[in-house]
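Visitor: Can you read through this structure? Questions will come right after.
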Amino acid sequence: MIYEGKAITVKALEGGIVELNFDLKGESVNKFNRLTLSELRQSVDAIKADGSIKGVIVTSGKDVFIVGADITEFVDNFKLPDEELVAGNLEANKIFSDFEDLAVPTVIAINGIALGGGFEMCLAGDFRVASESAKIGLPEVKLGIYPGFGGTVRLPRVIGTDNAIEWIASGKENKAADALKVGAVDAVVAPAKLKEAALDLVKRAISGELDYKAKRQPKLEKIKLNAIEQMMAFETAKGFVAGQAGPNYPAPVEAIKTIQKAANFGRDKALEVEATGFVKLAKTSVAESLIGLFLNDQELKKKAKQHDEIARDVKLAAVLGAGIMGGGIAYQSASKGTPILMKDIREEGIQLGLSEASKLLGKRVEKGRLAPAKMAEALNAIRPTMSYGDFGNVDIVVEAVVENPKVKQIVLAEVEGVVREDAILASNTSTISINLLAKALKRPENFVGMHFFNPVHMMPLVEVIRGEKSSDVAVATTVAYAKKMGKNPIVVNDCPGFLVNRVLFPYFGGFSKLLEFGVDFVRIDKVMEKFGWPMGPAYLSDVVGIDTGHHGRDVMAEGFPDRMAVEGKTAVDVMYDADRLGQKNGKGFYAYETDKRGKPKKVSDPVAYELLKSIVKEQRELTDEDIINFMMIPLCLETVRCLEDGIVDTAAEADMGLIYGIGFPPFRGGALRYIDSIGVAEFVALADKYADLGGLYHPTAKLREMAAKGQKFFG
């Protein structure tokens, strides 16, 4: 053995060839943590010192190659002074460069996922051979940064500037076949042939048949584009990518600027340019938020996994109530491999549900994401019925009938009588108390909430609501089923609106107050969209449905009268009374026309303005900053209350619920991270400025205590 560590071993094979193998002990995947980097340094030094070595192949002992850097470790480094961070980055890069400069040929055998630092390791090799199942890419922009181990330097010199910009700015994972087309890998083989192919390549390089030095040389030099070609390539790309990424996500454009700045330098100077730009991005609030999101998402997955031990396998599901929502649930279940019964009391409902599922599957076929045979398979897995005939075999039933407690109680009690005693019942309700619905059941321990968001196929969140009597097995099985459906489940405790809607309605409450002060709803929408929301509150109200918002508002007012009850008519009441229900009937705050693609397009409607005059209490001159504070303070404070009340266990789950459930701007990290970014004490002082607006703007005693102690929600 030439070198043996806890993450890397280097051993002799045959004819002077050695194998450098990544296999991080105690972990299911390989990643670049401090230990792995330190051992790579020692491994490279050991290879350099051994004059008998003629070639190196790099392999992985895991199912993946290397998933990237260990962000949990490296995020601490981002707090270091700039000079220290740049120096540390260049020190790490020296390891990759020294590997690249070995006096012998190197071949990387990519057996699975090679992302971020994992793919940058591959780029430092002379030749790359990938398994057919491998996926490679540089996804760092999704964390608000860009590649920092030489990716912006080596990739443009390997696959060309245009291809490299596309890979880096999009952050997407690429299949092995696509990587081969652009020259990111030199060969693609069946998984079983990978090591054999790597050995063959290195032997051919040792014999001189392949010129590894010629292959290596372009990575050491400046990019081969003249000044005019550079200007055309980079300026066009910056304009296009800026338009795609938007102003709130600087990393993709900064990556292009870095490639451009380094284009006229050789490798080592170019790496310095990369390191300087990397540090600049690492210090931004966007990077802090997006990395925080990544870590929160990891925590969410970890928590969801904890339920696996006691969860029962769902082999057959059922949904009660077809229509759009039931059809969406049926589609999601069937397309992810769990057969489902879809029951409705009306033939029209069944047809609507089947039509919804068929439409969603058809779109995937059109886009080439699903083979027609798989579509047929998924449709066959949805079994429509108007009776309870096969319900004796069902493991879980999702009730998705009308949002009315009495109707839901009748339906749930009815289905409880026809399913097995251990079958789980789950209500897809957005606001109704699970404890209230459970009163109609003989086995409340088998009952939970399972709140899907509309449209089901697009929204990643499912709230699993634990009632007072819900068993751990019922919760765990529902979480496991949601994961099986490709969703991100968050377990919350029962209260009006649960987590997401309980937090959303105070946001709408702030919107109502703005309208009462005569602020134009179109202006409010524009300000909040600029803030980062996918749509402003007026447009969101129309999309959700004014009637849905009206009903939800009443439920929340009853549940939290101290701050959510309202006096007199609000904008939502006025719209509701005028039968302006939003997109569903073509008129709400906006009117809706059908565009060329058959989708609703919002247009201004003078009638809406006329109706809203009746609810204006006084005209106030408010700044854009006031508009943001009117809207965001109530949302953030209600999130704090949900955490304090134990509705959600952790700050991470609270923030992820808002990002996955209502499209909270990801670059701001979630409501609690948003408070952290302002400063808890500063946020409390800001809320106090608006205290005259009512209870929605009053910080809790515990938040004031946090402010006094200088505490944060994260870190």
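The values are calculated or read from the model by the stated rules, or taken from the named source; none is laboratory data. Bear in mind the structure is a predicted one, so any value in this text is a computation, not a measurement. Glycine also receives a Cβ, built like all others from the backbone with ideal geometry; neighbour counts cover every protein chain displayed.
Visitor: Pairs under 8 Å by beta carbon, first residue over 17 Å from S131 (Cα atoms) and at pLDDT 95 or above in segment 198-209, partner among the aromatic types (F, W, Y) and part of a helix (DSSP H, G or I), six or more apart or different chains?
Guide: A205/Y212
Visitor: Here is a further query. List the residue pairs whose Cβ atoms are under 7 Å apart, where the first residue sits in segment 372-389 and is part of a loop (DSSP other than H, G, I, E, B), the second is surrounded by fewer than 17 Cβ atoms within 10 Å (Cβ to Cβ) and aliphatic (A, V, I, L, M), and the two are 6 or more positions apart or on different chains.
Guide: M386/I345; Y388/V418
Visitor: Also, I was wondering about something else. What number of residues within segment 669-687 are among the aromatic types (F, W, Y) and under 14 Å from E288 (Cβ atoms)?
Guide: First, the residues of segment 669-687 that are among the aromatic types (F, W, Y): 674, 683.
If we keep only those that are under 14 Å from E288 (Cβ atoms) as well, we get 674.
Total satisfying the criteria: 1.
Visitor: Those residues that are within 27 Å of the chain's Cα centre (by Cα) and at negative phi, I need them from segment 102-130; list them, please. Steps first, answer last, please.
Guide: Quick first cut of segment 102-130, residues within 27 Å of the chain's Cα centre (by Cα) only: 110-122.
Listed by number, the residues that qualify are I110, N111, G112, I113, A114, L115, G117, G118, F119, E120, M121, C122.
Visitor: Give the number of residues within segment 517-550 that are surrounded by 19 or more Cβ atoms within 10 Å (Cβ to Cβ), within 18 Å of Q619 (Cβ to Cβ) and touching a Lys or Arg at 6+ places or on another chain (Cβ under 9 Å).
Guide: 1
Visitor: Which is outside any helix (DSSP H, G or I), touching a helix residue (DSSP H, G or I) at 6+ places or on another chain (Cβ under 9 Å), over 19 Å from R267 (Cβ atoms) and modelled with pLDDT of 95 or more, of A169, A130, A103? Spell out how you get there, then give the answer.
Guide: Working: A169 fails: outside any helix (DSSP H, G or I); A103 fails: over 19 Å from R267 (Cβ atoms).
After ruling out the rest, the residue left standing is A130.
Visitor: Also: For segment 423-451, which residues satisfy the criterion of being in contact with a strand residue (DSSP E or B) (Cβ under 7 Å, 6 or more places away or on another chain), farther than 16 Å from V491 by Cβ and not in a helix (DSSP H, G or I)?
Guide: A423, L425, S430, L441
Visitor: With the structure loaded, tell me whether I95 is not in a helix (DSSP H, G or I) and not charged (D, E, K, R) or whether it fails that test. Even if it seems obvious, please write down each step before you answer.
Guide: Working: not in a helix (DSSP H, G or I): no; not charged (D, E, K, R): yes.
Criteria not met by I95.
Visitor: Right, another one. Can you pull out the residues in segment 1-13 that are part of a loop (DSSP other than H, G, I, E, B) and free of Cβ contacts under 8 Å to residues at least 24 places away in the same chain? Even if it seems obvious, please write down each step before you answer.
Guide: Within segment 1-13, the first condition is being part of a loop (DSSP other than H, G, I, E, B), and the residues that meet it are 1-2, 5-7, 13.
Hit for segment 1-13 is M1, nothing else.
Visitor: When both residues are 6+ apart or on different chains and their Cβ atoms are under 8 Å apart, which pairs have a first residue that lies in segment 641-658 and is free of Cβ contacts under 8 Å to residues at least 24 places away in the same chain, and a second that is of a type outside the set (D, E, K, R)?
Guide: Hits for this filter: zero, empty list.
Visitor: Can I ask one more? Taking segment 414-428 as the region of interest, how many residues are touching a Lys or Arg at 6+ places or on another chain (Cβ under 8 Å) and either over 23 Å from M386 (Cβ atoms) or surrounded by fewer than 19 Cβ atoms within 10 Å (Cβ to Cβ) (or both)?
Guide: 2
Visitor: While we're looking at this one, here's another question. For segment 133-156, what are the residues that are farther than 17 Å from V64 by Cβ and surrounded by fewer than 23 Cβ atoms within 10 Å (Cβ to Cβ)?
Guide: Correct list: K142 only.
Visitor: Output the residues belonging to segment 394-408 that are without any contact (Cβ under 8 Å) to a residue 40 or more places away in the chain and surrounded by fewer than 19 Cβ atoms within 10 Å (Cβ to Cβ).
Guide: We begin by selecting, within segment 394-408, every residue without any contact (Cβ under 8 Å) to a residue 40 or more places away in the chain; these are 404-408.
Within segment 394-408, N404, P405, K406, V407 qualify.
Visitor: Need the failing condition index for V188 against (1) surrounded by 16 or more Cβ atoms within 10 Å (Cβ to Cβ); (2) in a helix (DSSP H, G or I), just the number.
Guide: Every listed condition holds for V188 apart from (2).
Visitor: Against the definition (among the hydrophobic types (A, V, I, L, M, F, W, C), surrounded by fewer than 24 Cβ atoms within 10 Å (Cβ to Cβ) and assigned by TED's automatic domain parsing to the domain that holds E100), how does A130 come out, yes or no? Reasoning before the result, please.
Guide: Working: among the hydrophobic types (A, V, I, L, M, F, W, C): yes; surrounded by fewer than 24 Cβ atoms within 10 Å (Cβ to Cβ): no; assigned by TED's automatic domain parsing to the domain that holds E100: yes.
Considered against the rule, which asks whether it is among the hydrophobic types (A, V, I, L, M, F, W, C), surrounded by fewer than 24 Cβ atoms within 10 Å (Cβ to Cβ) and assigned by TED's automatic domain parsing to the domain that holds E100, A130 comes out as no.
Visitor: Determine, yes or no, whether A263 is more than 22 Å from E83 (Cα to Cα), more than 27 Å from the chain's Cα centre (by Cα) and surrounded by 15 or more Cβ atoms within 10 Å (Cβ to Cβ). Spell out the reasoning first.
Guide: Working: more than 22 Å from E83 (Cα to Cα): yes; more than 27 Å from the chain's Cα centre (by Cα): yes; surrounded by 15 or more Cβ atoms within 10 Å (Cβ to Cβ): yes.
Criteria met by A263.
Residues are listed down the side, and each one gets a yes or a no for (1) basic (K, R); (2) free of Cβ contacts under 8 Å to residues at least 24 places away in the same chain; (3) buried (at least 18 other Cβ atoms within 10 Å of the Cβ); (4) not assigned by TED's automatic domain parsing to the domain that holds G148:
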| position | (1), (2), (3), (4) |
| --- | --- |
| F22 | no, no, yes, no |
| K31 | yes, no, yes, no |
| R34 | yes, no, no, no |
| L37 | no, no, yes, no |
| G51 | no, yes, no, no |
| T59 | no, no, yes, no |
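Visitor: Which one of I675, I659 is among the β-branched types (V, I, T), under 19 Å from K712 (Cβ atoms) and under 17 Å from the mean Cα position of the chain (by Cα)? Spell out the reasoning first.
Guide: Values: I675 fails: under 17 Å from the mean Cα position of the chain (by Cα).
The conditions single out I659.
Visitor: Confirm whether F96 is aromatic (F, W, Y) and touching a residue at least 12 places away in the same chain (Cβ under 8 Å).
Guide: Working: aromatic (F, W, Y): yes; touching a residue at least 12 places away in the same chain (Cβ under 8 Å): yes.
Criteria met by F96.
Visitor: Give me the pairs: first residue in segment 516-541 and on the phi < 0 side of the Ramachandran plot, second residue aromatic (F, W, Y) and assigned to a helix (DSSP H, G or I), beta-carbon distance under 6 Å, and six or more apart or on different chains, which are they?
Guide: That search, which allows pairs on different chains as well, returns D525/Y539; P537/F511; A538/F521.
Visitor: I'm trying to understand the selection: among the residues of segment 72-85, which are surrounded by fewer than 19 Cβ atoms within 10 Å (Cβ to Cβ) and part of a helix (DSSP H, G or I)?
Guide: Here is the first cut: in segment 72-85, the ones surrounded by fewer than 19 Cβ atoms within 10 Å (Cβ to Cβ) are 72-73, 76-84.
Matches in segment 72-85: T72, E73, D76, N77, D82, E83, E84.
Visitor: Can you tell me which residue among T36, T59 is assigned to a strand (DSSP E or B) and either at pLDDT 95 or above or at positive phi (or both)? Walk me through how you get there before you give the answer.
Guide: Details: T36 fails: assigned to a strand (DSSP E or B).
None of the other options fit; the residue is T59.
Visitor: Still on this model: Within segment 454-498, restricting attention to residues that are acidic (D, E) and surrounded by fewer than 19 Cβ atoms within 10 Å (Cβ to Cβ), which residue is nearest to the chain's Cα centre (by Cα)? Please lay out each step first, then the result.
Guide: Here is the first cut: in segment 454-498, the residues acidic (D, E) are 463, 468, 472, 494.
With surrounded by fewer than 19 Cβ atoms within 10 Å (Cβ to Cβ) added as a condition, the list becomes 468, 472.
Numbers: E468: 31, D472: 27 Å.
Looking at residues that are acidic (D, E) and surrounded by fewer than 19 Cβ atoms within 10 Å (Cβ to Cβ), I get D472.
Visitor: Hey, can you tell me all the residues within segment 535-588 that are part of a loop (DSSP other than H, G, I, E, B) and not aliphatic (A, V, I, L, M)?
Guide: The answer is G536, G545, F560, E567, G568, K569, T570, D579, R580, G586, G588.
Visitor: Which ones in segment 321-361 are closer than 22 Å to P460 by Cβ and surrounded by fewer than 19 Cβ atoms within 10 Å (Cβ to Cβ)?
Guide: Selection gives I324, K336, G337, K359.
Visitor: Could I ask something else about it? Could you say which residue among R641, R673, R620 is at pLDDT below 95 and either over 24 Å from G144 (Cα atoms) or surrounded by 23 or more Cβ atoms within 10 Å (Cβ to Cβ) (or both)?
Guide: Numbers: R641 fails: at pLDDT below 95; R673 fails: at pLDDT below 95.
Answer to the check: R620.
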